[in-house]
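Notes for the one structure printed next.
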Amino acid sequence: MKKVIVALTVTVLMATVAISITHYYSVKILSASRAYTNFESQYSKGEQDASRHLMNYIYNHDEIEYLYFKDDISVPKGDSIARDALASGKDFRIARIGFLMAGNHRDDLPVLVWFFQHFKNELFFKSAIKTWQQSDALVEKLNAVGALAYRNIRLRKPYDKEDLILQINTISDDLTITQQNFSAILGVTSRMVDHYVFITDMVISIIILGCSGLLAGIMLRKLHTSKKVIIDQNLALKSMNERINKFAYIVAHDLRAPIASLTGLVSVLEREKDLTKISSYTEVMRESLLLQDKYVQDVLYSIRNENGENAELCNLEEVVNDTISQNGFFVGGEEVKFLSELDVWELKCNITNIKVVFNNLISNAIKYADFNKPEQWIKVKSYRQDQRCIIEIVDNGLGIKAEQKGNIFNKYFKSGINKKSMGLGLYFTKQAIEEMNGTIAVKSLLGIGTSFIVSLPL
C-alpha cells in the first residue's frame, strides 16, 4: 500500500510538472504567434506605404516622397535580413537588428528568434518561411522598380510611367496575397497550439484527477481504518477503566463484610476469659485474612484477564464455605447461624463473579439481620431446574419494603436502614450474574425475611 501511495504521489507531481511545462510553452508559442502577427502587420504596412510613396514620387517627382519610400521599404527589408540570419544560423544579433529595423518591439525579439529557431523545420512553419521568402523577393522587386524610377527621373531619361505604376500595383497585389497566406498560417498555428494544449491539459488533468481520486480513496480508507483502530482502542481502554473501577468498588465493598466479621470476632476475644480458647479465635481470624487475600488475588487475575468472562469449573461448596468463614460473626460478636442445602456442587462459571454473588448476598443478609428475633439464620440452597442451577440465599432478617423491591439493583440505591451502605452491592451482584448469562429475582416480606433466587446455566 505504501508503494502504491508513493507511485500515485510521484505520478501526480510529474503530471503537475508536465502541465506546468505545457502551459509555459503554450504561452510562449502563442506569444510568438502574436509577435509574428504584429511583425506581419508592420511588414504589410511598410510595403503598402512604400508603394504609395513610390507612386507619388513617379507622379510628382518629389524627392521627399522617394525618401519616404526608402524609409518604408526598410521595414520589410529589415525582416528579410532577420530571416536570412536565422535561416543561415549566423549571429542572432544580426537577426535582432533586422527585427528592430522592421519596427518590432524589443520585448518581442526573444520569442521571434526562439520560435524561428525551434520550428523552422516544422511543416507548418516551413510553409510560412517560404511565403516570407516570396514576399521578400517581391519587396526586392519593388525596391528595384523604385531604383529604376529614381534613376530615370534624376537623369531625366524617358520612361513609361504607366508601366511602372502597373508593376507597382502588381507587386503590391502579389504581396497582399502572400501576406494573407502568412497570416492564415499564423492563425492555423495558434489554433493548432490551442487544440493540442487543450488535449494535453485534458489528458494530464484526467491523470491528476484519477491519481488524486485514488490517493484520496486510499487516504480515506487509511483514515477510516485508523479511526476504527483508535475507536476500538478507546473502547478497549474505556472497558478496561470501567472494569478497574468496577473491581475497585467490588474489592472496597466486598471486603467490608469480612472486616465487620473480624471486628465481631475481636469483640468476642475481648470478652473471652478462657485463654485456652483465644488460639482458636486467632486461627479463625488468620483463615479469614487468608481467604480475603485469596479473594483479592482472584480479583487481580480477573482484571488482568482480557475479557474477564472466562468460565471454569467452580466448587460451590468451597465457595460457600469460604464466604461463610469470612462472614461468620455479626459486628457485635454474635456468631452467624448458617444452613447449607447444596444439591449442585459444581458449576462452570467465572470464579470471581460467583464469589461476588455469594459474598454480597450473604453479607447483605448479615447487615440486615433482625436482632429482635430470638435467632438469626441464613440458608444457602442449590438445586437443578430445567438445565439451570438455581441458587437461593434465604434469611429471616428485616425484609424489604414492597415499594423498594424494584430499585434495590439500581446503582447507588440505599434503603435507608444501613447508613454505611454504598448502594453498590446488589448492583454489582446483578452485573456479575448477567455476565454469566444468569438472572436474579427477589422475594421479601417486611419483618419476615428475604429470599434471593439466582438462576445460572449449567
Check whether at least one residue in region 75-92 is closer than 21 Å to residue 173 by Cα, touching a Lys or Arg at 6+ places or on another chain (Cβ under 8 Å) and open to solvent by less than 70 Å² (accessible area, probe 1.4 Å), and report yes or no.
-> yes
Subset of region 149-181, residues aliphatic (A, V, I, L, M) and under 11 Å from residue 51 (Cβ atoms), comes to 165, 168, 171, 175
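Here's the yes/no breakdown for (1) in contact with a Leu (Cβ under 6 Å, 6 or more places away or on another chain); (2) of a type in the set (S, T, N, Q); (3) under 23 Å from residue 330 (Cβ atoms); (4) modelled with pLDDT under 90:
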| site | (1), (2), (3), (4) |
| --- | --- |
| 358 | no, no, yes, no |
| 373 | no, no, yes, no |
| 378 | no, no, yes, no |
| 382 | yes, yes, no, no |
| 385 | no, yes, no, no |
| 413 | no, no, no, yes |
| 423 | no, no, yes, yes |
| 429 | no, yes, yes, no |
| 445 | no, no, yes, no |
Exercise for review: Kindly establish whether residue 453 is outside any loop (DSSP other than H, G, I, E, B) and at pLDDT 95 or above.
Suggested key: yes
Residue count, region 322-332, condition part of a helix (DSSP H, G or I) and buried (at least 20 other Cβ atoms within 10 Å of the Cβ), comes to 3
Within region 132-149, can one find any residue that is of a type in the set (Asp, Glu) and open to solvent by less than 40 Å² (accessible area, probe 1.4 Å)?
yes
Residue set 75, 139, 111; condition of a type in the set (Val, Ile, Thr) and either modelled with pLDDT of 95 or more or over 28 Å from residue 28 (Cβ atoms) (or both); output residue 139
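Yes/no matrix, rows are residues, columns are (1) under 20 Å from residue 429 (Cα atoms); (2) open to solvent by 10 Å² or more (accessible area, probe 1.4 Å); (3) of a type in the set (A, V, I, L, M, F, W, C); (4) without any contact (Cβ under 8 Å) to a residue 24 or more places away in the chain:
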| residue | (1), (2), (3), (4) |
| --- | --- |
| 334 | no, yes, no, no |
| 340 | no, yes, no, no |
| 343 | no, yes, no, no |
| 351 | yes, yes, yes, no |
| 358 | yes, no, yes, no |
| 369 | yes, yes, yes, no |
| 373 | no, yes, no, yes |
Those residues of region 13-43 which are open to solvent by less than 20 Å² (accessible area, probe 1.4 Å) and closer than 22 Å to residue 146 by Cα amount to 43
Counting only residues that are open to solvent by less than 50 Å² (accessible area, probe 1.4 Å) and acidic (Asp, Glu), region 173-190 contains a total of 0
Q) Out of curiosity, is residue 203 under 30 Å from residue 39 (Cβ atoms), open to solvent by less than 80 Å² (accessible area, probe 1.4 Å) and modelled with pLDDT under 85? A) no
For residue 192, the lone unmet condition from (1) aliphatic (A, V, I, L, M); (2) at pLDDT 80 or above; (3) closer than 30 Å to residue 135 by Cα is (2)
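Residues are listed down the side, and each one gets a yes or a no for (1) in a loop (DSSP other than H, G, I, E, B); (2) within 60 Å of the chain's Cα centre (by Cα); (3) among the acidic types (Asp, Glu):
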{"site": "365", "(1), (2), (3)": "no, yes, no"}
{"site": "370", "(1), (2), (3)": "yes, no, yes"}
{"site": "373", "(1), (2), (3)": "yes, no, no"}
{"site": "378", "(1), (2), (3)": "no, no, no"}
{"site": "383", "(1), (2), (3)": "no, yes, no"}
{"site": "386", "(1), (2), (3)": "yes, yes, yes"}
{"site": "392", "(1), (2), (3)": "no, yes, yes"}
{"site": "398", "(1), (2), (3)": "yes, no, no"}
{"site": "406", "(1), (2), (3)": "yes, yes, no"}
Subset of region 430-454, residues of a type in the set (Lys, Arg) and open to solvent by 80 Å² or more (accessible area, probe 1.4 Å), comes to 443
Would a scan of region 151-169 turn up a residue that is within 24 Å of residue 64 (Cα to Cα), touching a Ser or Thr at 6+ places or on another chain (Cβ under 6 Å), open to solvent by less than 60 Å² (accessible area, probe 1.4 Å) and modelled with pLDDT of 90 or more? yes
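The values are calculated or read from the model by the stated rules, or taken from the named source; none is laboratory data. Keep in mind the model is a prediction, meaning the values are calculated, not measured. Cβ sites come from the backbone with ideal geometry, for glycine too, and all protein chains shown count toward neighbours. Accessible surface is based on the protein model in full, side chains and every heavy atom, while ligands, DNA and RNA are left aside. Shrake-Rupley method; radii C 1.70, N 1.55, O 1.52, S 1.80 Å.
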